[in-house]
Amino acid sequence: MSEKEDLAKQKAEAAARAKAVALARKQAKAAAAEKPEGEMDIAKQKAAAAAKAKAAALAKKQAKEAAEKPEGEMDIAKQKAAAAAKAKATALAKKQAKEEEAAEKPEGEMDIAKQKAAAAAKAKAAALARKQAKEAGEKPEGEIDAAKQKAAAAAKAKAAALARKQAKEEAGEKPEGEIDAVKQKAAAAAKAKAAAAAKAKAAAAAKNRTAVQESEEADTPSEISPNQSKLDQIVSAIESHVGQGALLENYINRLSKDVPTLVANPDTYFSIAKFLRYDEQLDFSYLSELHGTDFESHMEIYVHLHSFKMNQSVALKVKLDRDTPVIPSLVPLWSGANWPECEAYDLLGINFYEHPDLKRILLGEDWKGYPLRKDYEPYDVEV
């Protein structure tokens, strides 16, 4: 082949490359003109510039390689270059069409389009990696390892960037305030559900325990207690002076040294206590114990009294509504009830009205909740 023919071929190739570059610029300019100025994304501009630079570098490389080949190889190289340019132009047209189509789609379809675009980008990266690996097959072993490492690092960086972009886009669909509100609502709902389940379970267990305990206390063996006659005397005196319905029940508590036990009606609790304190025959002048208990189904006050005249002890109980545990104070009858009632108020939230100075004696006044309640949850969960 003469020098003139070589020169003519080189000019034809240069003209074809210039024409392809001009066509690409024209298409990019036309696509940009169709969109409003604000829509052009900075990232897209960078990507377009990078693609353009990559295409120019590839064209220069192919032209350089083609210039060193014999005539037969030159034709094959031209065919390959033409096919590659055609495929690249087709891919660019598809990409632009997808972008235009995505701009018109609703939010749900946009997600599908994003997924397809991500899959296409992944496939393109895989194809590029295979191509680079194939080209690397002609290199010495040391260069192949270096090329593999660079390719792996580049692929990893690209995947990480894509993941960050997708996460940012998903998070960007909701305002920051809405995301926080959704999280708070979900946490509150889960906490309320767990609390309700725990409360129901605790109530069922408490009901069973109460039934068993009261059954054991009220269970009277065949042998009569030595304190039965004293219990009968006390009950008869209360019914005569306070009223027939003053006591809900009475029994000998075999589990506590056969102590006579009186269960008072909340309305007659103070009247019974006053009668036990000031009746000349009974004269229960000493209050040895007062405490509250949470049975989960109800609250209970237990008062232990002693009569030196009768040489006899008696237990006075009263059951209270758990949601509003309110009962008269016994401090006007026994001054020794002062601190025990404050303690029951402090730890269980039982309100003793007409108490001279009802206050928290173990915890601070700003403490949240009552620690001896079965459903107590610390205000500060880290404590």
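Quick notes on this one:
- Some residue of region 332-342 being of a type in the set (Gly, Ala, Ser), in a loop (DSSP other than H, G, I, E, B) and out of contact with any Lys or Arg (no Cβ under 7 Å at 6 or more places or on another chain): no
- From the options 376, 370, residue that is open to solvent by 70 Å² or more (accessible area, probe 1.4 Å) and touching a Phe, Trp or Tyr at 6+ places or on another chain (Cβ under 7 Å): 370
- Scanning region 222-280 for residues that are over 23 Å from residue 334 (Cα atoms), touching a helix residue (DSSP H, G or I) at 6+ places or on another chain (Cβ under 9 Å) and hydrophobic (A, V, I, L, M, F, W, C) yields 252, 255.
- The residue of region 273-311 that is least open to solvent (accessible area, probe 1.4 Å), among those that are within 27 Å of residue 376 (Cα to Cα) and small (Gly, Ala, Ser), is 292.
- Where residue 322 falls short, out of the listed (1) among the basic types (Lys, Arg); (2) within 44 Å of the chain's Cα centre (by Cα); (3) modelled with pLDDT under 95; (4) open to solvent by 50 Å² or more (accessible area, probe 1.4 Å): (4)
- Summed over region 277-325, residues that are in contact with a Lys or Arg (Cβ under 9 Å, 6 or more places away or on another chain), closer than 12 Å to residue 348 by Cα and part of a loop (DSSP other than H, G, I, E, B) total 4.
The values are calculated or read from the model by the stated rules, or taken from the named source; none is laboratory data. Everything numeric in this text was worked out from a predicted model, so none of it was measured. Every residue, glycine among them, receives a Cβ derived from its backbone with ideal geometry; neighbour counts consider all protein chains shown. Areas reflect the complete protein model, heavy atoms only, side chains present, ligands, DNA and RNA absent. Shrake-Rupley method; radii C 1.70, N 1.55, O 1.52, S 1.80 Å.
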